[in-house]
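One structure is given here, and the rest of the page talks about it.
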Amino acid sequence: MEQSSQWWRDAVIYQVYPRSFADRDGDGMGDLPGITGRLSALRDLGVDAVWLSPFYPSPQHDAGYDVADYRSVDPRFGTLADADAMIAEAHALDLKVLVDLVPNHTSSAHAWFAAALAAAPGSRERDRYIFRDGRGPGGDEPPNSWRSVFGGPAWERVPDGQWYLHLFDVTQPDLNWADPEVRAEFESVLRFWLDRGVDGFRVDVAHGLIKDRDLVDWHYPSAILGGLGQEGPPPPMWDQEEVHEIYQQWRSVLDTYPGGRILVAEAWVKPAERLARYVRPDEMHQAFNFEYLDTPWSAEPLRKVIEQSLAANDAVGATTTWVLSNHDVVRHATRLGYPVGEARRHGIGVDDPQPDTALGLRRARAATLQMLALPGSAYLYQGEELGLPEHTTMPDEYRQDPAWFRSGHTERGRDGCRVPIPWEADSPSYGFGPSDASWLPQPASWAEYALDRQRGVAGSTYELYRTALRLRRERGLGSAALSWMDAPADVLAFRIGEVTVLTNFSDAAVELPVGGEVLVSSEPLDADGRVPTDVTVWVG
Ligand code: NOJ
């Protein structure tokens, strides 16, 4: 394959969360015209591509991951013509565009599900989903013991007594991927968007499409978003062998299009060798490395996960896809503001322990500078380039995440990382839109994070990202080879191409690596020119 069609191997891809990026019409919910109008800011930042979370027609019970029609645009976000205009503008700016594909489940408002409910048990319409009779007297018990990822049982009973499977919200019935019509439909959906010019797809719950044939019981948590740790035997709903043939088939579809169209797997799978199976040469191109995201702020565990990920992906000829934040996890500027090694939080509320914001930002900057020096590709989540923290004091009455409701209000959920982002400190909704409206409240402290307060300001997080992205490109870091260097305890140092990267996790300042000049540093060096605690430096 020629080089240009391999653009994704070292690309930096920026996740746009359409609800919260830019609101053109002022209704408080972001939209496609808003995104189109702000794409040049992403060009200025220096990323290669954008991935947009779903903007399809949807009742929005899971913020659009409950898709009612895969070939259209929700009126809240605009029209199909707006999507075309957004893709055209991105391409004019030399940005690739990835859209989200949600194949594990539809919305219960999808025409297929309405047809399934209207049809009888055993019908063709029901066979597109996973309907079963219940257990126990009268079939009153769910068909098996599975739990929904968002809490509560994974089965819902319909009036004629059958049950359907929903690994997520009750409004997100799981599709039956053994059904040829389901397969044909998604191939057609792929072509629909490829024909409109998109450069690829982020595949939602990529490890979940195939379930164990016998739907055997499972008594452990369905921990897709709750961390990767799975106790006990391999879970019967995730990472089943037959899932791979679906992606091989999709790959053959994508390969008939020019320009390097890609698939990126959202697959919460470990160890790294299992995840790498999704990016074998005839399958997907990228798979988010969530194990890296989940690793505590500590030299040895990070070294181990970096080493293992690179080795596992190398073995199948793929590059590694690094990520620190997205719309499902506590933002890393906040996550890293808690004591090292604490269990991952599922949302934070006003009565929860609050993070050390300054420490979190300091570590987040160091973490990002480390990530952007690693070989492979990297994903950024909107707002992280501003150093944006999680909204950790959002009043509960605003919460919309189904996890908050289905967990019986025990998991605060993901709303705190989804708040509309600040562009202009002194404008209504901080420039998110033309009015004060914002579908989730923006904290009063966010003016200081606004882009216009950071652009051109030396030392700001925005300028740090811009510098790192420029240097990464100029020095070819994404496609260089990494070799580890000797370093004191709790210090991680590696060489990547001609650049030396050092992160100091220890309590004391350490000497700069010898030779070369400091290219960029996540915080100033100390008065003696040493690298302080929680700082990453690039020397070259
Ligand atoms: C993963 C998505 O990123 C998340 O936001 C969503 O709730 C689940 N998949 C279900 O679609």
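The values are calculated or read from the model by the stated rules, or taken from the named source; none is laboratory data. Quantities reported herein were computed from a predicted structural model and do not represent experimental measurements. With ideal geometry, Cβ positions are generated from the backbone for all residues, glycine too; neighbour counts draw on all protein chains shown. These accessible areas exclude ligands, DNA and RNA; they are computed on the full protein's heavy atoms, side chains included. Shrake-Rupley method; radii C 1.70, N 1.55, O 1.52, S 1.80 Å.
Within the option set TYR430, TYR462, being without any contact (Cβ under 8 Å) to a residue 40 or more places away in the chain, surrounded by 21 or more Cβ atoms within 10 Å (Cβ to Cβ) and hydroxyl-bearing (Ser, Thr, Tyr) holds for one residue only, TYR430.
What number of residues within segment 158-187 satisfy the criterion of being in contact with a helix residue (DSSP H, G or I) (Cβ under 7 Å, 6 or more places away or on another chain) and either within 16 Å of the ligand (Cβ to nearest atom) or under 16 Å from SER123 (Cβ atoms) (or both)? Count: 10. Restricting segment 496-539 to residues that are among the charged types (D, E, K, R) and buried (at least 18 other Cβ atoms within 10 Å of the Cβ), the residue that is nearest to the chain's Cα centre (by Cα) is ASP534.
Are there any strands (runs of 3 or more DSSP E) wholly within segment 1-106 with 2 or more residues that are within 16 Å of the ligand (Cβ to nearest atom) and of a type in the set (Lys, Arg), and if so which? Before you say what the answer is, go through the steps one by one.
Numbers: elements: 12-16, 49-52, 96-101.
Once the strands (runs of 3 or more DSSP E) in segment 1-106 are filtered for at least 2 residues that are within 16 Å of the ligand (Cβ to nearest atom) and of a type in the set (Lys, Arg), nothing remains.
Give segment 447-459 a look and list any residue that's closer than 16 Å to THR334 by Cβ and surrounded by 22 or more Cβ atoms within 10 Å (Cβ to Cβ), or say none. Explain how you work it out, then say what you get.
Residues of segment 447-459 closer than 16 Å to THR334 by Cβ: 448-449.
Listed by number, the list holds a single entry, TYR449.
Contact annotation: residue pairs with Cβ atoms under 6 Å, 6 or more positions apart or on different chains, pairing a residue in segment 200-221 that is open to solvent by less than 20 Å² (accessible area, probe 1.4 Å) with a partner that is of a type in the set (Gly, Ala, Ser) and within 15 Å of the ligand (Cβ to nearest atom), are VAL203/ALA265; ALA206/ALA265; ALA206/ALA267; HIS207/ALA267. When each of ASP452, ASP486, ASP436 is tested for being assigned to a loop (DSSP other than H, G, I, E, B), of a type in the set (Asp, Glu), farther than 30 Å from THR320 by Cβ and modelled with pLDDT of 95 or more, the lone residue that passes is ASP436. Sub-6 Å Cβ pairs linking a first residue in segment 61-77 that is β-branched (Val, Ile, Thr) to a second residue that is more than 15 Å from the ligand (Cβ to nearest atom), at least 6 apart or interchain, are VAL73/THR79; VAL73/LEU80; VAL73/ALA83, ordered by first then second residue.
Inside segment 298-344, residues that are assigned to a loop (DSSP other than H, G, I, E, B) and modelled with pLDDT of 95 or more make up a count of 19. Every condition in (1) within 16 Å of the ligand (Cβ to nearest atom); (2) open to solvent by less than 30 Å² (accessible area, probe 1.4 Å) is met by TRP439 except one, and the failing one is (2).
Which one is modelled with the lowest pLDDT among residues in segment 195-218 that are basic (Lys, Arg) and more than 16 Å from the ligand (Cβ to nearest atom)?
Per the stated criteria, the residue is ARG213.
Taking segment 392-407 as the range and being away from the ligand (no atom under 16 Å from the Cβ) and open to solvent by less than 10 Å² (accessible area, probe 1.4 Å) as the test, only MET394 passes. If you go through segment 408-423 and keep only what is within 13 Å of the ligand (Cβ to nearest atom) and either in contact with a Lys or Arg (Cβ under 8 Å, 6 or more places away or on another chain) or not charged (D, E, K, R) (or both), you end up with GLY413, ASP415, CYS417, ARG418. Scan segment 107-138 for residues that are among the aliphatic types (A, V, I, L, M) and within 16 Å of the ligand (Cβ to nearest atom) and the total you get is 2. Taken together, ARG19, ARG24 contain a single residue that is among the basic types (Lys, Arg), farther than 30 Å from PRO375 by Cβ and open to solvent by less than 20 Å² (accessible area, probe 1.4 Å), which is ARG19. In this entry, PRO153 is excluded by the filter for residues that are without any contact (Cβ under 8 Å) to a residue 60 or more places away in the chain, more than 16 Å from the ligand (Cβ to nearest atom), of a type outside the set (Lys, Arg) and open to solvent by less than 40 Å² (accessible area, probe 1.4 Å).
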